[in-house]
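Participant: Shown below is the structure under consideration.
The values are calculated or read from the model by the stated rules, or taken from the named source; none is laboratory data. All of these numbers come straight from a predicted model, not from anything done at the bench. Every residue, glycine among them, receives a Cβ derived from its backbone with ideal geometry; neighbour counts consider all protein chains shown. Heavy atoms of the whole protein, side chains included, go into the accessibility calculation; ligands, DNA and RNA do not. Shrake-Rupley method; radii C 1.70, N 1.55, O 1.52, S 1.80 Å.
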Amino acid sequence: MDKKPFAKLEEILNGVLKPAAATLSQNPLSNDGPLMLKTVEIMSRNIEEAVDVARNRQKKFVWHEFCLTPELFLAFDLYPFVGETHTSIYARYLQDAIGEFIDATENAGVPPEVCSMDKVLIGAILSDEIPQPDLIVTTSAPCDSSRIGYQVMEKLLDAPMHRLDAPFTNDADAFKYYAGQMRNFIPVLEELSGKKFDIDRLREIVEESNRALEYLLEWDLLRRLRPSPAPPSILLNVYAAVNNCFGKPHCTEYCKALYEFTRERAESGAATGEKIRVVWQHVPPQFGDNIYGWMADEFGAVVVDDTRCGYLRQAPIDTSSLDSMLQGLARHGLNMTMGKNRLPARLYMADFLRARQDYSLDCVIVSAHAGCKHCWPLIGIYRDFARTENIPFLVFDDDFLDSRVVSLATVKNKIEQFFRTMKL
Amino acid sequence: MSEPLFGGCDIGSTTGKAVLVRDNSVIASVIVPCLPRPEKTAELVINEAISQAGLSSVKDVTYLVGTGYGRVRIPFANEDISEITCHARGASWLRSSVRTAIDIGGQDCKVMGISDTGRVREFVMNDKCAAGTGRFFEAMCRVLHVSLEDISSLSLESKAPATITSQCSVFAESEVITLLNEGVDVADIAAGINFAIAARLVSLARKVGLVQDVTVTGGCAKNVGLIKCLEEKLKAAITLVPGDPQIVGALGAAILAREAFARA
Ligand code: SF4
């Protein structure tokens, strides 16, 4: 019998997330429990939806990569699915599946040097975990690894693939150019969905994601307070919770809860135990217990921002015209999580400075993900910059998905040595 | 009333070290092989240091800092401080011009950039595998049937160092066996081992940025052959600290104990 698609995602849903939600609703365990419950609920809901669409095909299933957000697909009543976001979910809740998928990929001949993000997705395809998409949408960015990865995926899935050209800059001209790519993409989506493009429907959805974003922007301002009232362990999950559902009302509801919970904590002046403010560059280990929560509990080290969340800080989109909406979507997409890895180093350094100013950081931690050539070359530049700016800086290598490369214990040891040695 | 006495106790993965300091001088230093439990190693090494100093009990020590892997299991320590901080402090106390310290421990190695006030500026560490650690040397000694001291002296005799490409001790072991079977001179293999370790250390050191003076601490600093290979690879002179490089961490702990006491 053929395996059902998303069997492992369903295992996570029924074996981890639902029991966690049941426990948290009975007993919040900590002050952050009520928000953690909402986070688990939104992740469960997203997975439920994905499993449902993958099996019942009531909507066309569109697999898209970073550099795109869901709104344009939702306007055509398609089901958008960001594979990359889900690699974190497998890593967090079913680490064995990560090993299985990566091994399947490497055994099929994909070089081990390819980023594990792509290897996990290819392995998931080889293991029949991924449903047959009706369309794959990829871009020319962010990295060489995913360029190769997506070609392999296209071949394995034998699905139509559409490519957008992502510019290597991040200014108004770049957004205009990319918006042009999106405009040309509209007829493809019309054909796939059998629906005429309806600008008012797109506006409705973008307005919904704007509402979510407004809450996130307020939440971001709260994180800048010293001490930050935002529960650190939640930051690790926010990206996986909202990435796939921007433009849907339940995403807005979640963002509202995130903001209100944090604001209440700020207003009540609840003790946070914050001693050190950290900005995390690149993706923290997704496996094992929540590393941000551990840092806060052990050292009072609060991660106030991480690079995956950069796009959650984008200004809302102007919905007055199709051009303004597409340019806004282009801006959001290009700044989405690893979309930024396509940019020149100087823009990263600008981010670094901005983070120092906005979040009054005490130190920076960079986890250099094996296989990411967009992260490794920056390390030396970061280091020089941190030296000149006198910012305590820790860099270590890991694979944020695969705990076999560097164990969580090793990562924790390095972080502990860093905090203790630098007397932070 | 006698002058206060300060102690440092460094419980590593293979040896325990203790140093006692009074009046700005080292009055005792001891190294013992590790016992199965860190607290037992700590007791053994401190008792030996106490008797070396002609004292009767650990209670005679005014303030003691623990460091190393077993630092949190030292029952008599007043506080524990990371080994990186202790090695840096020890190295700069022994030689104030040291700005880069490479510490080769039993199961990890670290490179520390040191400020002119003796504080750690930044550091990198390798604790992912045995490459560049004392364990690597131990594995190689086993295959060659020589002691650690022999590796050092043999390496200095080498005319044509063998090439050992594997950083992993398991693969390097097979490489060494192959070289032995091919009849390669043991001295050349020993030099090859030192060069392989030096290459690993140099790549770590470059991450911190080499600032002179550079020193090496830890038991492996006694391997003169390795120091020579490191100098060659770094294209820089290595300034060893006076005395035993293996006790630098414990010494740094004792100096930090004195500083902590002075602050209190
Ligand atoms: S981590 Fe780097 S290599 Fe991997 S998908 Fe992201 S940008 Fe590409």
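Participant: Take the residues of segment A:110-133 that are more than 15 Å from the ligand (Cβ to nearest atom) and open to solvent by 60 Å² or more (accessible area, probe 1.4 Å): which is farthest from residue A:154 (Cα to Cα)? Steps first, please.
Facilitator: Quick first cut of segment A:110-133, residues more than 15 Å from the ligand (Cβ to nearest atom) only: A:125-133.
Now restrict to residues that are open to solvent by 60 Å² or more (accessible area, probe 1.4 Å): A:126, A:128, A:132.
Details: A:126: 12, A:128: 14, A:132: 11 Å.
By that ranking, first place goes to A:128.
Participant: Return the only residue of B:151, B:177 being within 18 Å of residue B:201 (Cα to Cα) and either in contact (Cβ under 8 Å) with a residue 24 or more places away in the chain or in contact with a Phe, Trp or Tyr (Cβ under 8 Å, 6 or more places away or on another chain) (or both). Walk me through how you get there before you give the answer.
Facilitator: Working: B:177 fails: within 18 Å of residue B:201 (Cα to Cα).
The conditions single out B:151.
Participant: Let me ask something additional. Going by the structure shown, is residue A:106 surrounded by fewer than 24 Cβ atoms within 10 Å (Cβ to Cβ), outside any helix (DSSP H, G or I) and charged (D, E, K, R)? Before the answer, list the steps.
Facilitator: Details: surrounded by fewer than 24 Cβ atoms within 10 Å (Cβ to Cβ): yes; outside any helix (DSSP H, G or I): no; charged (D, E, K, R): yes.
The answer is no for residue A:106.
Participant: Then there's this: Would you please name the residue that is farthest from the ligand (Cβ to nearest atom), looking only at residues in segment A:364-379 that are closer than 19 Å to residue B:122 by Cβ and among the aliphatic types (A, V, I, L, M)?
Facilitator: A:364
Participant: Which of the following residues is without any contact (Cβ under 8 Å) to a residue 60 or more places away in the chain, within 11 Å of chain A (Cβ to nearest Cβ) and among the basic types (Lys, Arg): B:89, B:119, B:71? Even if it seems obvious, please write down each step before you answer.
Facilitator: Working: B:89 fails: without any contact (Cβ under 8 Å) to a residue 60 or more places away in the chain; B:71 fails: without any contact (Cβ under 8 Å) to a residue 60 or more places away in the chain.
Answer to the check: B:119.
Participant: Would you check if residue A:205 is over 25 Å from residue A:271 (Cβ atoms) and open to solvent by 30 Å² or more (accessible area, probe 1.4 Å)?
Facilitator: Values: over 25 Å from residue A:271 (Cβ atoms): yes; open to solvent by 30 Å² or more (accessible area, probe 1.4 Å): no.
Considered against the rule, which asks whether it is over 25 Å from residue A:271 (Cβ atoms) and open to solvent by 30 Å² or more (accessible area, probe 1.4 Å), residue A:205 comes out as no.
Participant: Tally up the residues in segment A:314-335 that are part of a helix (DSSP H, G or I) and either under 16 Å from residue A:212 (Cβ atoms) or among the polar types (S, T, N, Q) (or both), please.
Facilitator: Here is the first cut: in segment A:314-335, the ones part of a helix (DSSP H, G or I) are A:322-334.
Filter once more, so that each one left must be either under 16 Å from residue A:212 (Cβ atoms) or among the polar types (S, T, N, Q) (or both): A:324-325, A:327-329, A:331-333.
Selection size over segment A:314-335: 8.
Participant: Just to verify a result, which residue in segment A:314-357, among those that are among the aliphatic types (A, V, I, L, M) and within 16 Å of the ligand (Cβ to nearest atom), is most open to solvent (accessible area, probe 1.4 Å)?
Facilitator: We begin by selecting, within segment A:314-357, every residue among the aliphatic types (A, V, I, L, M); these are A:315, A:317, A:322, A:325-326, A:329-330, A:334, A:336, A:338, A:343, A:345, A:347, A:349-350, A:353, A:355.
Next, only the ones that are within 16 Å of the ligand (Cβ to nearest atom) stay: A:334, A:336, A:338, A:343, A:345, A:347.
Values: A:334: 0, A:336: 1, A:338: 27, A:343: 19, A:345: 28, A:347: 52 Å².
Among those residues, the one meeting the criterion is A:347.
Participant: So, one more: Do we find a residue being part of a loop (DSSP other than H, G, I, E, B) and open to solvent by 50 Å² or more (accessible area, probe 1.4 Å) anywhere in segment A:245-253? Before the answer, list the steps.
Facilitator: In the first step, residues of segment A:245-253 are kept if they are part of a loop (DSSP other than H, G, I, E, B); the result is A:245-248.
If we keep only those that are open to solvent by 50 Å² or more (accessible area, probe 1.4 Å) as well, we get none.
Looking through segment A:245-253, none of the residues is part of a loop (DSSP other than H, G, I, E, B) and open to solvent by 50 Å² or more (accessible area, probe 1.4 Å).
Participant: Let me ask something else. Looking at this structure, is residue A:96 within 30 Å of residue A:210 (Cβ to Cβ) and either more than 14 Å from the ligand (Cβ to nearest atom) or open to solvent by 20 Å² or more (accessible area, probe 1.4 Å) (or both)? Write out each step before concluding.
Facilitator: Details: within 30 Å of residue A:210 (Cβ to Cβ): no; either more than 14 Å from the ligand (Cβ to nearest atom) or open to solvent by 20 Å² or more (accessible area, probe 1.4 Å) (or both): yes.
The answer is no for residue A:96.
Participant: How do the helices (runs of 4 or more DSSP H) wholly within segment B:92-209 filter down when requiring 3 or more residues that are open to solvent by less than 20 Å² (accessible area, probe 1.4 Å): which remain?
Facilitator: Helices (runs of 4 or more DSSP H) meeting the threshold: B:134-144, B:148-157, B:186-208.
Quick grid of which residues meet (1) under 23 Å from residue B:10 (Cβ atoms); (2) open to solvent by less than 50 Å² (accessible area, probe 1.4 Å); (3) assigned to a loop (DSSP other than H, G, I, E, B); (4) in contact (Cβ under 8 Å) with a residue 60 or more places away in the chain:
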{"position": "B:216", "(1), (2), (3), (4)": "yes, yes, no, yes"}
{"position": "B:225", "(1), (2), (3), (4)": "no, yes, no, yes"}
{"position": "B:228", "(1), (2), (3), (4)": "no, no, no, yes"}
{"position": "B:232", "(1), (2), (3), (4)": "no, no, no, no"}
{"position": "B:240", "(1), (2), (3), (4)": "yes, no, yes, no"}
{"position": "B:243", "(1), (2), (3), (4)": "yes, no, yes, yes"}
{"position": "B:246", "(1), (2), (3), (4)": "yes, yes, no, yes"}
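Participant: Residue under question is residue B:54, and the condition is that it be in a strand (DSSP E or B), outside the structural domain of residue B:181 (by TED's automatic domain parsing) and at pLDDT 90 or above; does it hold? So that I can check it myself, show each step before the final result.
Facilitator: Working: in a strand (DSSP E or B): no; outside the structural domain of residue B:181 (by TED's automatic domain parsing): yes; at pLDDT 90 or above: yes.
So residue B:54 fails the test.
Participant: I would also like to ask the following. If I ask for residues that are within 10 Å of chain B (Cβ to nearest Cβ), assigned to a helix (DSSP H, G or I), among the hydroxyl-bearing types (Ser, Thr, Tyr) and open to solvent by 10 Å² or more (accessible area, probe 1.4 Å), which ones from segment A:378-424 would you list?
Facilitator: Selection gives A:410 alone.
Participant: Would you be able to say whether some residue in segment A:359-377 is more than 15 Å from residue A:278 (Cα to Cα), away from every other protein chain (no Cβ under 11 Å) and free of Cβ contacts under 8 Å to residues at least 60 places away in the same chain?
Facilitator: yes
Participant: Taking segment A:134-161 as the search range and keeping residues that are surrounded by fewer than 20 Cβ atoms within 10 Å (Cβ to Cβ) and in a loop (DSSP other than H, G, I, E, B), which one is nearest to the ligand (Cβ to nearest atom)?
Facilitator: A:140
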